[in-house]
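Each remark here refers to the structure printed beneath this line.
The values are calculated or read from the model by the stated rules, or taken from the named source; none is laboratory data. Predicted model only: the values in this text are computed from it and were never measured. Counting neighbours? That spans all protein chains shown, and the Cβs are built from the backbone with ideal geometry, glycine included. Quick note on the areas: whole protein, heavy atoms, side chains included, nothing else; ligands and nucleic acids left out. Shrake-Rupley method; radii C 1.70, N 1.55, O 1.52, S 1.80 Å.
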Amino acid sequence: MQTLAVDHPLVAHKLTMLRDVTTDSPTFRRLADELVTLLAYEATRDVRVADVTVETPLVPAQGVQLASPKPLVVPILRAGLGMLDGMTRLLPTAEVGFLGMIRDEGTLQAQTYATRLPEDLSGRQCYVLDPMLATGGTLAAAIRLLFERGADDVTAICLLAAPEGLMYMEQAFEGTQAPIRVVTAAIDAHLNEQGFIMPGLGDAGDRLYGVV
Ligand SMILES: O=P(O)(O)OC[C@H]1O[C@H](OP(=O)(O)OP(=O)(O)O)[C@H](O)[C@@H]1O
Ligand SMILES: O=c1cc[nH]c(=O)[nH]1
Ligand SMILES: [Mg+2]
């Protein structure tokens, strides 16, 4: 597994505003959207392209276009939905699948309550969107599901990751041949007793959409 914490002043600036408890929900949504687009630029560095020739007004020119099959973007509901527009802005022709997952706040185990993905993901590059990689249970379960359907290359984009979750992911996918990448705006210090990322930004789903 490869992990990339994107080191860029605009990423750091937007993340700081996201962390701020006084940032209201509309501003939080806008910042999350902008931040994802910046992270997506790094996360798509290995997106597959095919050679193509186009006619300029003057001569033919060699270039590239996104290869087929097109990448699949998978936001993990609920909080991952706040990252979808920022991602598809950069990859407008990608298809979108959905996973609904919730972490039991007592046991910290992830449960899947909705799956809407293509049955066959053979040869597909997948981009999983989830703002928080805490224990890693949710992301690992999501990636296992994608591999079961044949995905051969998975990149997760997270706004924040905890060292404990990254270590859990390393162990969960040790020996896996397929590339797995985690791209994040920052790796925070640790998890607290409730499994929250510290210093973190609180409950990402609640800050995006309110407490339910
Ligand atoms: O790494 P983990 O320990 O598994 O925790 C991370 C998960 O927890 C949050 O979702 P939550 O369960 O709060 O659902 P929500 O998006 O509906 O708020 C977050 O968006 C991740 O999906
Ligand atoms: O810090 C955390 C951990 C899990 N889920 C969140 O929304 N925030
Ligand atoms: Mg939540």
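Overview of values
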| quantity | calculated |
| --- | --- |
| Some residue of the stretch 39-58 being charged (D, E, K, R), touching a Gly at 6+ places or on another chain (Cβ under 7 Å), open to solvent by 30 Å² or more (accessible area, probe 1.4 Å) and within 30 Å of residue 168 (Cβ to Cβ) | no |
| Extreme residue, nearest to the chain's Cα centre (by Cα), among residues of the stretch 168-188 that are open to solvent by 70 Å² or more (accessible area, probe 1.4 Å) and touching a residue at least 12 places away in the same chain (Cβ under 8 Å) | 187 |
| Test: residue in the stretch 139-146 that is in contact with a helix residue (DSSP H, G or I) (Cβ under 7 Å, 6 or more places away or on another chain), within 9 Å of ligand 1 (Cβ to nearest atom), open to solvent by 20 Å² or more (accessible area, probe 1.4 Å) and in a helix (DSSP H, G or I) | no |
| Qualifying residue in the stretch 108-118 (condition: more than 16 Å from ligand 1 (Cβ to nearest atom), surrounded by fewer than 17 Cβ atoms within 10 Å (Cβ to Cβ), of a type outside the set (A, V, I, L, M, F, W, C) and more than 29 Å from residue 26 (Cβ to Cβ)) | yes |
| Strands (runs of 3 or more DSSP E) lying entirely in the stretch 24-94 (those with 2 or more residues that are within 17 Å of residue 131 (Cβ to Cβ)) | 72-77 |
